[in-house]
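For reference, the structure discussed in these notes is given below.
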Amino acid sequence: MYHGKIHFSSVLIPCLCLCLCLSCSGIPYKQLTVGVPKEIFQNERRVALSPAGVQALIKQGFNVIVESGAGEPSKFPDEQYAQAGATIKEVKDVLASDVVVKVRAPTFNPALGVHEVEMMKEAATLISFIYPAQYPELMDMLSQKKATVLAMDQVPRVTIAQGFDALSSMANIAGYKAVVLAANSFGRFFTGQITAAGKVPPAKVLIIGGGVAGLAAAGSARAMGAIVRGFDTRAAALEQFKSLGAEPLEVNIKESGEGQGGYAKEMSKEFLEAEMKLFAKQCQDVDIVISTALIPGKRAPILITKPMVESMKDGSVVVDLAAEAGGNIETTVPGELSVHKGVTHIGYTDLPSRLPTQSSTLYSNNITKLLRAISPDKDNFYFDVKDTFDYGTMDHVVRGSIVMQNGKNLFPAPQPNNLPTAAPPKSKTVQELEAQKASQISPFKATLTTASMYTGGYLIYATRHNSLISTHIRVNNTTFTKCIFTIVYYISIYLH
Ligand SMILES: NC(=O)c1ccc[n+]([C@@H]2O[C@H](COP(=O)([O-])OP(=O)(O)OC[C@H]3O[C@@H](n4cnc5c(N)ncnc54)[C@H](O)[C@@H]3O)[C@@H](O)[C@H]2O)c1
């Protein structure tokens, strides 16, 4: 069993710290300082703690210091942090805190000519996105500093941890922003309209991958009135697309994409071929493709090839949310906005950072909730790191998130007990889905159809008999009759 370890700034305090650790009671929050540095990664506009987050940590008992200007890009000025109770200091003081909270993993600071880890004090605690498998050198540097590291990217995706799941918070924002950017680059409305100037067809959006980002994109595109289709290798994701009003697409191959812990697994060559055949057909029809298909720890599969992109209508838009992992779309330029044969490609890899106030607010909530949950003691900062734990418990969350303790590399975490084996929902055949779709009509459409038919029928009847009985309006005008026919005609066209 390991114990959470905290740090003091004076010579005497480390001795006290050691005693407290040995007595397993942790360190009083009031003796600990949490530092919030300004993010220095290129174009990063998020900040790890919002002023509300500062307030929450101060309420928990911590002292908080924030680097001057850290919140500016997220529209949180120094004054707001000061009002929330933080002290504003320079970078060196902030990084020398007992607990350092960051968004991006520590990196080399070119302005100061020194790596951020080198500015951290020995045996500090770091909470940040880390991606330990991808950055072993960073893990080595942190180990030499005897750091304790909580990786926000390693928080287990289990129900109890939803409040600290920064991957989900950020993916949700990326999905929304993908739709906003697509709409901005697209030359038409998303929603269909019947106006005096003409009928406008709704945009058709294909979403590949129904994880958090894909589902957020589906919800946003539906809310804007587009026709949305969704594809995923996991049957559960297809059900979720459906519940958002998107049309789930399927291939006629029975193969479940459910991997361990709800994540996707790599699909067979046959499945990928069938899926790409489906996309090739869809590309000729849809206006916008938003792809989010990822396999943890692997290069993203290429699902939309160059010829498929070239078959899309001029003015179409593709957004590749998998760009950072290599991309799902062959013609994407990661990190860039580009155009290939009339199709706009959005390959940005920093979408959450492009909505900085929102993402900083949610990330800050994730961090403060995580700190409260892993150290529930009222007065002392203290947490247990166990190597044996049950799936879905706080022990699972703590062990999963802590990738290093006092310099000891703990990544990867051992498997929890009682790991649920994914029981994939029975997937429906294409024929079954089509039959279901044909039999389904949304309550709104059903009501509108019935209402318009009854209203239209009644008005036509009443007009013909020169009497609108319920309203006692006398109508003698054939123009009015024509009007009623026109309204009913357009409503029926729109609905079908
Ligand atoms: N229980 C929780 O609290 C919780 C919270 C968040 C996420 N989750 C689960 O974690 C899992 C991962 O979510 P995520 O948003 O990080 O996903 P992700 O970003 O890792 O992947 C995105 C989606 O791409 C899909 N995909 C992979 N290969 C594909 C292919 N060839 N074709 C089409 N789609 C493909 C995946 O099935 C996944 O739905 C999901 O099952 C999600 O429901 C659970």
Practice item. Would you kindly derive the ³J(HN,Hα) couplings of segment 39-53 from the backbone phi angles with the Karplus curve 6.51 cos²θ - 1.76 cosθ + 1.60 (θ = phi - 60°), listing them in order in whole Hz, with x for Gly and Pro? Key: 6, 10, 4, 3, 6, 6, 10, 7, 9, 6, 10, 8, x, 5, x
Exercise for review: Compute the length gained on full extension between GLU72 and GLU336: take 0.36 nm times their separation in residues and subtract their Cα-Cα distance, giving the result in nm to one decimal.
Suggested key: 92.6 nm
Study note, to complete from the structure: Sorted by chain and number, the residues with a modelled amide H under 5 Å from that of GLN405, at a separation of 5 or more or across chains, are VAL149, LEU410
Study note, to complete from the structure: Here the relative contact order (percent) of segment 239-308, from C-alpha pairs under 8 Å and at least 6 apart, is 26 percent
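LYS298: net charge of surrounding residues, Cβ under 12 Å, Lys/Arg +1, Asp/Glu -1, itself excluded? Walk me through the numbers before you get to the answer.
Numbers: positive: LYS265, ARG299; negative: GLU266.
Residues close to LYS298 contribute a combined charge of +1.
Based on the Cβ-Cβ distance of ALA82 and LYS59, what FRET efficiency does E = 1/(1 + (r/R0)^6) give at R0 = 22 Å, to the nearest 0.05?
It comes to 0.85.
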Review point. How do 138-150, 186-198, 246-258 rank on mean C-beta neighbours within 10 Å, highest first?
Key: 138-150, 246-258, 186-198
Check your understanding: What residues have an amide H closer than 5 Å to that of ASP390, excluding those fewer than 5 places away on the same chain, when H is modeled at 1.01 Å from N in the peptide plane?
Key -> HIS396, ASN417
Point to revise | Accessible area in square angstrom per residue, segment 175-354, 1.4 angstrom probe | key: 42 Å²
Review point. In square angstrom, rounded to the nearest 10, how much accessible surface does THR388 have for a 1.4 Å probe?
Key: 100 Å²
Exercise for review: Provide the FRET efficiency to the nearest 0.05 for the GLN415-HIS115 pair, computing r from the beta carbons and using R0 = 30 Å.
Suggested key: 0.35
Revision key, fill the gap. Lys and Arg at +1, Asp and Glu at -1: neighbours of HIS345 with Cβ under 15 Å from its Cβ sum to -4
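Packing-wise, with mean Cβ within 10 Å as the measure, how do 69-79, 42-52, 96-106 rank, highest first?
96-106, 42-52, 69-79
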Exercise for review: Give me the distance between the Cα centres of segment 242-275 and segment 170-230, rounded to whole Å.
Suggested key: 22 Å
Revision key, fill the gap. Under the 7 Å Cα-to-Cβ spin-label approximation, LYS408 and GLN162 lie apart by a distance in nanometres of 3.4 nm
Review point. Counting DSSP beta bridges in segment 175-354, what percent are antiparallel, to the nearest 5?
Key: 30 percent
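For an R0 of 22 angstrom, estimate the FRET efficiency from the Cβ-Cβ distance between ALA133 and ASP390 and round to the nearest 0.05.
Numbers: r = 24 Å, r/R0 = 1.11.
In this case the efficiency is close to 0.35.
What value does segment 175-354 have for Rg/Rh, both radii from Cα atoms and Rh as Kirkwood defines it?
With Rh from the inverse mean 1/r over Cα pairs, Rg/Rh is 0.95.
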Review point. Ranked from highest to lowest mean number of other Cβ atoms within 10 Å per residue, what is the order of the peptides 173-182, 121-130?
Key: 173-182, 121-130
Exercise for review: Pull up all non-local amide H partners of VAL66: gap of 5 or more, or a different chain, and H-to-H distance under 5 Å with H placed in the peptide plane.
Suggested key: VAL36, THR87, ILE88, LYS89
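In segment 302-365, which trypsin sites (Lys or Arg not before Pro) are in a loop and have at most 13 other Cβ atoms within 10 Å, using DSSP for the loop call?
Values: sites: LYS313, LYS341, ARG354; in loops: LYS313, LYS341.
Taking segment 302-365 and a limit of 13 other Cβ atoms within 10 Å, the loop trypsin sites (Lys or Arg not before Pro) found are LYS313, LYS341.
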Point to revise | Inter-label distance, nm, simple model (7 Å from Cα along the C-beta direction), GLU255/PHE41 | key: 3.3 nm
Review point. For segment 67-222: lysine pairs with Cα atoms under 26 Å, gap of 8 or more or different chains, count?
Key: 19
Review point. Which ³J(HN,Hα) values, rounded to whole Hz and listed in residue order, are derived for segment 172-189 from phi using the Karplus coefficients 6.51, -1.76 and 1.60 in 6.51 cos²θ - 1.76 cosθ + 1.60 with θ = phi - 60°, glycine and proline given as x?
Key: 4, 5, 4, x, 5, 5, 4, 5, 4, 5, 4, 4, 5, 8, 8, x, 10, 5
Revision key, fill the gap. Between the alpha carbon centres of segment 63-93 and segment 283-358 the gap in Å comes to 36 Å
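The values are calculated or read from the model by the stated rules, or taken from the named source; none is laboratory data. Predicted model, so just to flag it, every value in this text is computed and none were measured. Positions of Cβ are backbone-derived with ideal geometry, glycine not excepted, and every protein chain shown enters the neighbour counts. Quick note on the areas: whole protein, heavy atoms, side chains included, nothing else; ligands and nucleic acids left out. Shrake-Rupley method; radii C 1.70, N 1.55, O 1.52, S 1.80 Å.
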